[in-house]
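Please read the structure below before turning to the comments.
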Amino acid sequence: MNSNSFFKKKTFKLNKIFPKIKLKKNFTVDGIRTLNSAKHNDITFFDSADYKSNAATTNAGACITTERLKNFIPNNVQTIVVKNVLFELSQILKKIYPFADIDYNDQSLKKPNKAKFKGVKFCNNVLVGKGVKLGTNSEFGANTIIEHQVEIGKNCIIGSGVIIKNSIIGDNVVIQDSCTLGQKGFGFIPLKEKNIKFPHIGKVIIEDNVEIASGCTIDRGSIDDTVIGKNTYLDNQVHVAHNVKIGSNCMIAGQVGFAGSSRIGENVSIGGQAGVSGHLRIGNNVKIGGGSGVVKNIEDNQIVMGYPAVPLKEFLKNRKK
């Protein structure tokens, strides 16, 4: 499910991207990837000591980082030292992927060719883009849009008014009315003069047997992907930001919001209107009470509640005071 690429890419040699840097080696850049997924012809980035273990083992060809963090990078990786990692990264992304900073309209959308999509049912006014793959026995509600290169598996039920772009969806998935998947996430680099848009080149991956209720929004990843694990259920109006990874068998109640790059374990239950801050790690078998605000990591098998979220016993004790 990880092989598809949705954004046109321009090819550059490393010395053309960093003409002022004296390079130990030069290579044709394949892409931009995270520390743990980058390969020898990729550029990666490292801007927080929280990821130093990933930095120490990266296989990237080059890494953008700061003076403070450069010593964590292996000697065989070309180090590119800058003052603002995310700003430099945004400029490189814009150069290599010039159409990833704005969600441009898909000009290839047409009424589906029913001879091409045998065994697929379409209601009125469905539009399908170039290169779309749809599995047999799947159904699509009225006024739904499936943009170019999207892949959807077998036995899926997609409701009305759904927009799916930059996404790969497994089998037996249900997506109810008015959901939006794969749009650009909320990413900006704030500078004194103006806010700089951060291009998003990732995608959304929905694994098998997931159910997504009405009005949910799931942003594509910035560099990495946004992932919803098998047999996970999202209630109405849940927002999943870029790079979030939700494990298998999770139950997420209505109006829950996940900020970018948080990782949610397996068998996690979250009550309505709870919020999870960015770059957090929520363990397996965790239960989060409704209306809670999660602002730090949670270990496996915990029950938390409140704002900020604390262990349930502590929450109940504080309520009695």
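The values are calculated or read from the model by the stated rules, or taken from the named source; none is laboratory data. Just so we're clear, the structure is a prediction, and the values are computed from it rather than from any experiment. Cβ sites come from the backbone with ideal geometry, for glycine too, and all protein chains shown count toward neighbours.
Quick notes on this structure:
- Within the set ALA62, ALA38, the sole residue that is farther than 23 Å from LYS203 by Cβ and either touching a residue at least 12 places away in the same chain (Cβ under 8 Å) or hydroxyl-bearing (Ser, Thr, Tyr) (or both) turns out to be ALA62.
- Restricting attention to region 206-252, the residues that are touching a residue at least 40 places away in the same chain (Cβ under 8 Å) and under 14 Å from SER269 (Cα atoms) total 1.
- Taking (1) crowded, with 19+ Cβ neighbours inside 10 Å; (2) touching a Phe, Trp or Tyr at 6+ places or on another chain (Cβ under 9 Å); (3) in a loop (DSSP other than H, G, I, E, B) in turn, GLY278 satisfies each apart from (1).
- When region 105-116 is filtered for residues that are assigned to a loop (DSSP other than H, G, I, E, B) and modelled with pLDDT of 90 or more, the ones remaining, listed by number, are ASN105, ASP106, GLN107, SER108, LEU109, LYS111, PRO112, ASN113, LYS116.
- Selection from region 188-202 of residues that are out of contact with any Asp or Glu (no Cβ under 9 Å at 6 or more places or on another chain) and of a type outside the set (Asp, Glu): PHE188, ILE189, PRO190, LEU191, LYS192, LYS194, ASN195, ILE196, ILE201
- The numbered conditions (1) over 26 Å from SER167 (Cβ atoms); (2) touching a residue at least 60 places away in the same chain (Cβ under 8 Å) are all true for LYS13 except (2).
- Flag if ILE96 is at pLDDT below 95, among the aliphatic types (A, V, I, L, M), over 18 Å from the mean Cα position of the chain (by Cα) and over 20 Å from LEU234 (Cβ atoms): yes
- Residue check for ASN166: out of contact with any Leu (no Cβ under 7 Å at 6 or more places or on another chain), closer than 19 Å to ASN243 by Cα and either surrounded by fewer than 17 Cβ atoms within 10 Å (Cβ to Cβ) or outside the structural domain of LYS83 (by TED's automatic domain parsing) (or both): yes
- Listed conditions (1) among the polar types (S, T, N, Q); (2) in the same structural domain as THR217 (by TED's automatic domain parsing); (3) at pLDDT below 95 are all met by SER160, apart from (3).
- Summed over region 281-293, the residues that are part of a strand (DSSP E or B) and touching a Phe, Trp or Tyr at 6+ places or on another chain (Cβ under 7 Å) give a count of 1.
- Here is the figure for region 223-257: residues that are in a strand (DSSP E or B) and either touching a Ser or Thr at 6+ places or on another chain (Cβ under 8 Å) or under 25 Å from PHE7 (Cα atoms) (or both) total 9.
- Of the residues making up region 185-205, those that are over 15 Å from PHE7 (Cβ atoms), in a strand (DSSP E or B) and either in contact (Cβ under 8 Å) with a residue 60 or more places away in the chain or aliphatic (A, V, I, L, M) (or both) are ILE189, ILE196, ILE205.
- Residue in region 204-218 that is buried (at least 23 other Cβ atoms within 10 Å of the Cβ) and under 20 Å from ILE303 (Cβ atoms) present: no
- Among (1) at positive phi; (2) in contact (Cβ under 8 Å) with a residue 60 or more places away in the chain; (3) surrounded by fewer than 20 Cβ atoms within 10 Å (Cβ to Cβ), the one test that ASN155 misses: (2)
- Flag if ARG263 is charged (D, E, K, R) and either touching a Leu at 6+ places or on another chain (Cβ under 8 Å) or modelled with pLDDT under 95 (or both): yes
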